Structures are given as structure tokens and as C-alpha cells.
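The values are calculated or read from the model by the stated rules, or taken from the named source; none is laboratory data. This is a predicted model, so every value here is computed, not measured. For neighbour counting, all protein chains shown are included, and Cβ atoms are generated from backbone atoms with ideal geometry for every residue, glycine included. Heavy atoms of the whole protein, side chains included, go into the accessibility calculation; ligands, DNA and RNA do not. Shrake-Rupley method; radii C 1.70, N 1.55, O 1.52, S 1.80 Å.
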Amino acid sequence: MPLAHYIGGRFEESGVPFELVDPADGTVIGTVPEADAATVDRAVTAARAALTGSWGACGDQERGAMLHRIAEGIQVRFEEFVAAEVADTGKPVELARTVDIPRAIANFHAYADLLWGRAEDSYHTPTEDGAGALNYTVRRPLGVVAVIAPWNLPLLLLSWKVAPALAAGNAVLAKPSELTPSSATLLAEVVDAAGLPAGAFNLLHGFGADSAGAMLTAHSGVDAIAFTGESATGSAIMRSAAQRLAPVSFELGGKNPALVFADADFEAAVAGTVRSVFTNAGQVCLCTERVYVERSIFGEFVEALAERAKTLRLGAPYDPGTEMGPLISAQHKEKVLGYYELAKQGGATVHAGGGAPDRSGFFVEPTVLTGLREQDRPVREEIFGPVCHLAPFDTEEEALQLANDSEYGLAATVWTGSLSRAHRVAPRLQTGIAWVNCWNLRDLRTPFGGVKASGIGREGGKHSLDFFSEPMNVCVKL
Ligand code: NAD
Ligand code: 6OD
């Protein structure tokens, strides 16, 4: 099926088409229709109708069953989803097979299951006549919610919000990134086959500013917005939502630090840092871009990391042995290379990489830098590429001060052999997530999100269900 919007249970291709490009070789691989204002309006109307129709009448059990069917539907078409994700992103096929698509499946199963574990407060309240009153909480969906997702983990991050939004009984308007529309379109087919009532899930393609994204966030028929993407986009969306006081949940950018103490398992810290810097070509919001290493092992650590970076095999997604793929677009490649240049001009020592290989596609080299000052832009700003800057520290206090000196606060990683240090340091990190001796180890029930410019609110487990629903107090005089 060609790429299409999915509105009120129907696929449609309205709107001016734009081109979809394969990042691995720069060729055009398809066209995508850009939703216009009338199309967005139709989708909002369809979603509102679903809330007052059969979707609104579904109980937890029915919605849970539908979510499980969606998960099973993705599983059945697993390789199609893998191929879609690989075509749009150029990522190594193994990454899509082991992370992106399994996690999307897990997201739907997890929120279907979580519906059953949900409990609400109830209180017996004393009254003067001695009979008392019963207070209890009812949770209701927010209504029509817009889910706007980025391109780096397309289906994983879209389903991370769509699954809890549907579980809580909302009608969803999903907009994937303009760069990665394919897996979301397959998801619409799976949702359709899973028998969700028309309008419960709708899909719109298009760009952000001055396009479908901005139209959704400004639409008076959209009751809430869940967004993952750049912090600057979050600000624009918040301004738009503020006009009508619509609630927002934001998962935004990061400039994540790793702290490597001399008492850490050296090999594990190097291997873990390689993963946390270079996975998905550094295009994961949780990737490490700043590495602080205790001075006594600094030189040895830099050398080990650079050695590994130099041997990472860049390649096409289906080439056996490919460890790192391209960046998402020519524009993003230009941005990342701009930071490499800025670092060199700023006096950085380049221990690995620093440029782009001579091949088609949007590849850049895995890059390891030292020697910049903390206030230099490549150390302060999110690059979102396969690059990190390392600096030494002398004390635990200094390590914490360096890690926390950032406008961002998404995730941090601590490598240490001391249990006491781990518990001392982790809670003092100004981030939403701290990993100790691991990276990106996820339990879907845990709170996920960032502080400072890295986000607003928490998602994950009951936190997502809390965002996507509103508690109401009922007080009954007995
Ligand atoms: P982006 O902000 O450019 O775009 C994300 C989505 O928002 C896309 O669908 C885009 O079309 C839409 N959009 C853009 N401008 C908009 C506007 N004015 N109004 C409404 N919608 C708009 O982000 P990106 O480049 O796709 O993704 C990379 C960024 O996302 C990085 O900063 C990364 O750190 C962040 N990210 C954060 C998390 C997290 O969980 N914290 C996860 C993944 C990515
Ligand atoms: O694992 C997740 O649930 C999650 N939200 C990951 C975000 C990755 C950012 O690129």
C-alpha cells in the first residue's frame, strides 16, 4: 500500500506529495502526502466522533485486548516493519530487529497489561453525623490527543505514546516525522486489522512548522499533546498549546554525561561507553556526548575508546558486519560536521574520526575529542551524532559539578566499582535517569523523562497512564 494518511478508519492520500530519501545512499525511495488544514480538520472530527461512539464505550478489558492484538499484528508482519524502519533511517538491520520493532511490540503489550494493575485512591471520610462519606477516584481520558514523534527510533517512540494514550481511552492523532513515515503507516494497517473503532487511531503525515505538526498543536479540537523531539520545538509547541491551556508531555533533547571512576571495571566502562556514544550513530536522545574520566585513568580510557571508534564498521544496513549506519539526512550530516569543524577550530584534539567517509549516503565518522573548554559549543550543545568529548576530573564533587553544569538533564551514566559511590553519586545527578554500570537498560514501568530543557513530565508505566487521563473525585455521603 502507498504511504497514506489514516483518518476515521480509511486510508487516504490527500495533499501535495513530498519525497522520501534513503539515508544510506541518498536516493529517493517514495513520496508522502502532506496533510493540509482540511485533512487535519477531518482527522480531528473523526477522533472526536470516536470518543462519543463505540471507542468511548469500550471498557479496560476490550481496550486491553485490542492493544494485545496490535502487538500481535506487528509481530506477524515483523520483517515488513523492520524493512520499513531500515529504509527510512538507514540503520543497521540488526538494530531494527533487536531494538526498534521488538520494543514497539512490547509497548503495546505493556500498556494492555498495565490497565489491569491500575488502582485508584479511595477514602472513608468522617462526618459530624457519624455516617461518613466515601471518596473515590475515577480516571477519564483526556479526549483527543496529538502524538508527535521524531525520526531516530520512529516506531518505538511513536508507540511509546500511542499505546498508553489508547489504553487510557483517548482518541489519537499520530504524526510521525516527515523523514520516517513508513513504519507508522504499517502501524495504521495493523490497527485497522485489529478492529479498533474508526477514529480511535488516526495518522497524519507532514512536516512540523507551518504544516501538519503545527496545525495539530494549534487545533482547538486537540485536548492534549504528547511530543518527543528537540527542545526548541518543545518551546514552539508549548507556546501554541498555551493559547488554550492544553496539557503537554515533552521528551526533549539531551547532552548526557558519563562519569567514569578509576574503581570501575575498565573494560566494561569502555564497552558501555562505546555503546552509549555510537548506538544508532549517536542518534538516541539518551546517547552520551560528554565523558568525564578520573584523571588517573584518563589517558588510557581516551586511547581505548578512540581505538574502538576507529574500528567501528560503517556500512549499508543489510551488509553483514555493519556496526554503524548513516545519519538521517543531508541536513543533519551538515549540522554534525559543522560541530566537528567547530571543535577543531576550538583547539580540540581529534583522537578518532573528525570527518566524513568518501561514500554516498549521509555517513560521518565516529569521533572522539578532548581538549575543549566546558563552555565551548560542542561541549554544551546537543549534536545528536556519533561523537563525544572527554575531560578529566580529580574528585567526586568535581565530577558531579561537571555533569550537572548543563542546560539539559535527560540521562547520565556512572561507571564505578563502589556500591557506596554509586548510591552517593546517582541521586545527586540533575537528570531524569541515572544508569549505574549500564546504559539504556529499560524497564517500561519506570518513570522516563528529563529535567531542565530535557522535558516536562514523566512517561512510562503508570506515569504515562496518569498523563493520558484525568483523575476525578467522587464524594458520596453515606
Ligand atoms: P524535531 O523537534 O525537529 O521534530 C520532532 C517532530 O516534531 C517531527 O514529527 C516534526 O515534524 C515535528 N515538529 C517540528 N516542528 C514542529 C512544530 N513547530 N510544531 C509541531 N510539530 C513540529 O526533532 P527531530 O529532529 O525529529 O528529533 C531529534 C530530537 O529529538 C533531538 O533533539 C533528540 O534529543 C530528541 N529526542 C528526545 C527523546 C526523549 O525521549 N527525550 C527521544 C528521541 C529524540
Ligand atoms: O526507551 C524508551 O522508552 C525511550 N523513550 C527512549 C528514548 C530514546 C530517545 O531517543
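At a glance:
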| quantity | calculated |
| --- | --- |
| In nm, spacing of pseudo-spin labels at residue 76 and residue 37 (7 Å Cα→C-beta vector) | 4.1 nm |
| Sparse-neighbourhood loop sites, GluC sites (Glu not before Pro) in segment 1-74 - DSSP loop, at most 10 other Cβ within 10 angstrom | none |
| Within-14-Å neighbourhood charge of residue 333 [Cβ basis; K, R +1; D, E -1] | -4 |
| Local net charge near residue 432, Cβ-Cβ under 11 Å (Lys/Arg +1, Asp/Glu -1) | 0 |
| P(r) tail fraction, segment 40-145 - alpha-carbon pairs more than 18 Å apart, % | 68 percent |
| Long-range amide H partners of residue 20 with built H, under 5 Å | 29, 30, 31, 32 |
| Percent RCO, i.e. relative contact order, over segment 303-412, from Cα pairs under 8 Å lying at least 6 residues apart | 22 percent |
| Loop chymotrypsin sites (Phe, Trp or Tyr not before Pro), segment 245-319 (other Cβ atoms within 10 Å of the site Cβ: 16 or fewer; DSSP) | 318 |
| Protection-proxy order for peptides 392-398, 87-93, each taking the mean of Cβ atoms within 10 Å per residue, highest first | 87-93, 392-398 |
| Within segment 79-161, GluC sites (Glu not before Pro) in DSSP loop having at most 16 other beta-carbon neighbours inside 10 Å | 120, 128 |
| log10 of Debye I(q)/I(0), alpha-carbon scatterers only, for segment 256-443 at 0.19 Å⁻¹ | -1.32 |
| Karplus (6.51, -1.76, 1.60) ³J(HN,Hα), θ = phi - 60°, over segment 176-183, in Hz, Gly and Pro reported as x | x, 4, 4, 8, 9, x, 6, 5 |
| Gyration tensor verdict on segment 270-329 (Cα atoms; rounded if a/c is under 1.5, prolate if a/b is larger than b/c, oblate otherwise) | oblate |
| Nitroxide proxy distance, nm - points 7 Å out along Cα→Cβ at residue 268 and residue 45 | 6.0 nm |
| Per-residue [θ]222 nm for the chain (sum of -39500 (n - 2.57) over DSSP H runs n ≥ 4, rounded to 500) | -12000 deg cm²/dmol |
| All-pairs alpha carbon distance profile, the chain, 10 Å steps from 0, percent | 4, 20, 28, 25, 15, 6, 2, 0, 0 |
| Sulfur and carbon atoms: percent of accessible area, the chain [1.4 Å] | 54 percent |
| Heavy-atom surface of the chain, accessible at 1.4 Å and reported per residue (Å²) | 39 Å² |
| Cross-link pairs beyond the 26 Å C-alpha cut-off, checked among 91/462; 310/452; 335/452; 335/462; 161/310 | 91/462; 310/452; 335/462; 161/310 |
| For segment 376-391, Karplus couplings with θ = phi - 60° (6.51, -1.76, 1.60), whole Hz, Gly/Pro x | 5, 4, x, 8, 9, 9, 5, 9, 6, x, x, 8, 9, 10, 10, 9 |
| 15 Å beta-carbon shell around residue 408, net charge (K/R +1, D/E -1) | -3 |
| Residues in segment 177-209 reached by a label modelled at residue 239 [backbone nitrogen below 18 Å; 7 Å Cα→Cβ] | 208-209 |
| Counting DSSP beta bridges with both ends in the chain, the antiparallel % (nearest 5) | 45 percent |
